[in-house]
1. How many residues does the stretch A:27-43 hold that are among the polar types (S, T, N, Q) and open to solvent by 10 Å² or more (accessible area, probe 1.4 Å)?
2. Give the residues of the stretch A:188-216 that are touching a helix residue (DSSP H, G or I) at 6+ places or on another chain (Cβ under 7 Å), of a type outside the set (A, V, I, L, M, F, W, C) and within 16 Å of ligand 2 (Cβ to nearest atom), sorted by residue number.
3. Look through A:Arg117, A:Arg95, A:Arg77, A:Arg53 and report the one residue that is more than 14 Å from chain B (Cβ to nearest Cβ) and open to solvent by 10 Å² or more (accessible area, probe 1.4 Å).
4. Could you please find all residues in the stretch B:229-242 being among the aliphatic types (A, V, I, L, M) and either in contact with a Leu (Cβ under 7 Å, 6 or more places away or on another chain) or surrounded by fewer than 16 Cβ atoms within 10 Å (Cβ to Cβ) (or both)?
5. Can you name every residue in the stretch A:155-168 that is away from ligand 2 (no atom under 16 Å from the Cβ) and modelled with pLDDT under 90?
6. If I filter the stretch A:71-87 for residues that are away from ligand 2 (no atom under 16 Å from the Cβ) and among the aromatic types (Phe, Trp, Tyr), do I get at least one hit?
7. I need the full set of residues from the stretch A:128-157 which are open to solvent by less than 60 Å² (accessible area, probe 1.4 Å), outside any loop (DSSP other than H, G, I, E, B) and farther than 11 Å from A:Thr96 by Cα, in order please.
8. Is it the case, given these coordinates, that A:Ala239 is farther than 28 Å from A:Ser11 by Cβ, within 15 Å of ligand 1 (Cβ to nearest atom) and either of a type in the set (A, V, I, L, M) or at pLDDT below 90 (or both)?
Amino acid sequence: MSSRVEVAGVSKLFNAGRPNEVQALSHITLAIEANEFVSLIGPSGCGKSTLLRCIAALTDATEGSITVAGKSAEQARVDQDYGMAFQKAGLFDWRTVAKNIELPLELMGWKKADRARRATEMLRLVQLDEFGDHRPAELSGGMQQRVAIARALSFEPSLLLMDEPFGALDEMTREHMQAELLRIWRSTDTTVVFVTHSIPEAVFLSTRVIVMSPRPGRIATEIRVDLGDRDDDTRQDPAFFKLVTEVREALRSVEDSAG
Amino acid sequence: MSFLHRTQNWSAPAIAGLLIAGVWEAALRITNPDFFILPAPSAIVASFFATFADVWEATRNTGYIVISGLIAGVIFGVIAALLVTRFRAANDTITPLAAAINAIPIIALAPIFNAWYGITSARSNQAVVMVLVFFPIFVNTARGLTEVESDQIELMRSYAASEWTITKEVRIPNALPFFFTALKLVSSVAVIAAIVAEYFGGRVDALGPLIIQNASSTRFDDAWAAVVAGSMLGLSLFGLASALEYLAMPWQRDLRGDS
Ligand SMILES: Nc1ncnc2c1ncn2[C@@H]1O[C@H](COP(=O)(O)OP(=O)(O)O)[C@@H](O)[C@H]1O
Ligand SMILES: [Mg+2]
């Protein structure tokens, strides 16, 4: 089976050749299979967002190549093969909640009735059935983030790219959203690449955790997470704690080696 | 309904205005001063109706200058903002340009425009209004078009949206509050600009000349009646701009919770 995402020898220089040159990524090679849930974790500024934006073809890699679903990253962007969610929900105030979810469908030329039906389905998926006609600003932060996820999933992309989507939420909402995301991931055929700086979050969600080293971002190590299907009890599971410790030690050693 | 509801905000200034007029009237009646430079409100109101035909004609002529100059300035300002934000390179020049422009006393251009268009032509007055309106509209709209969350732009790019789609779906709605702030500002300033420009030249049957003629022949109650007409013109335009703002941004209205 071919990888969903193939990152081969990717480096990224910002402001190349200028005095403020920054090497954000150095020779990243990474293969992500279909239906994996992969987390990227690492000290802040190590290039997690940059790597995600390279995969999304929102910025070009300086060196190396990226394929998504067998095509170039740029082609995959044009074909809308992935959905995206950021730390800020990024909903548009001038659209109702339902119309926010419909936006990508509108841009893809879906018919009005189909869009409305899909928006209703997506609202049910994120358990916001009642809120289609509300304005985003009337919703809590957690609800807004659920709408953003519904929007990212509305056109059933096979790949979901998420950059610290729960970073701004309080702990309770965050755990609830994690469970919800796992439920959605299991019930749809989606591959997820998830950037986070929370160790328990990475372990709880992922099938694989990629630990990155500080600038220039490199893959330091990767840790397989074999916890099976997760629920709230997983967070009390000794196997969960063991993996959390393992990721923490990996992170500590990359930070130490950076001095 | 809700627009009328909002106009209740205007009742406080209206009451304050009436109170001031009452105190002013009472003071003049009680002290009965031997001068008429500051006529009593009752005298101004009486003069307003006595000279209504002249005042009305002058207001219509000045109103035409204000509204035509306003419309031209708004159209050019918005087009310039769209062009400048479309071509990124020009973008960095907005802020310094705006600062430089703000330092120009545009009203001081009135005699120069008179020389260009002829002393009795209303064109010079329209030109003053247009130039005065242009810059705040241009600068504010350009800011609204560019001050968009970068995540929102990236999200649109992840949908393979074209630059024009991004402008239509994100930049323009984002710019509306900025635009209307400027529109409300210029709608009253435009009346002041037109009247002051009329002091220097232009058609004689407008508010500026009417105020000058009456003041120089010591008919101060008539001069004040013309000033009152000018204020009413400014207030009407401000009210119109507020109504347009209300209609153009239903999402802001919903948030006030009075829908
Ligand atoms: N557009 C940019 N221009 C210049 N430098 C950038 C840009 N984006 C990111 N960087 C730099 O690249 C490095 C990695 O950033 P980022 O990928 O955002 O890190 P992370 O998401 O892991 O916190 C940082 O040093 C950051 O300052
Ligand atoms: Mg980041």
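1. Summing the residues that are among the polar types (S, T, N, Q) and open to solvent by 10 Å² or more (accessible area, probe 1.4 Å) in the stretch A:27-43 gives 2.
2. The answer is A:Thr196, A:Glu201, A:Ser213, A:Pro214.
3. Exactly one residue qualifies, and that residue is A:Arg117.
4. Across the stretch B:229-242, the qualifying residues are B:Ala229, B:Met232, B:Leu235, B:Leu240, B:Ala241.
5. Of everything in the stretch A:155-168, those that are away from ligand 2 (no atom under 16 Å from the Cβ) and modelled with pLDDT under 90 turn out to be A:Phe155, A:Glu156, A:Pro157, A:Ser158.
6. Among the residues of the stretch A:71-87, at least one is away from ligand 2 (no atom under 16 Å from the Cβ) and among the aromatic types (Phe, Trp, Tyr), which makes the answer yes.
7. Correct list: A:Gly141, A:Gly142, A:Met143, A:Gln144, A:Gln145, A:Arg146, A:Ala148, A:Ile149, A:Ala150, A:Arg151, A:Ala152, A:Leu153.
8. It is false that A:Ala239 is farther than 28 Å from A:Ser11 by Cβ, within 15 Å of ligand 1 (Cβ to nearest atom) and either of a type in the set (A, V, I, L, M) or at pLDDT below 90 (or both).
The values are calculated or read from the model by the stated rules, or taken from the named source; none is laboratory data. Because the structure is predicted, anything quoted here is derived from the model rather than measured. In this analysis, Cβ positions are derived from the backbone assuming ideal geometry, glycine residues included, and neighbour counts consider all displayed protein chains. Note: accessible area is taken over every heavy atom of the protein model, side chains too, but ligands, DNA and RNA are not part of it. Shrake-Rupley method; radii C 1.70, N 1.55, O 1.52, S 1.80 Å.
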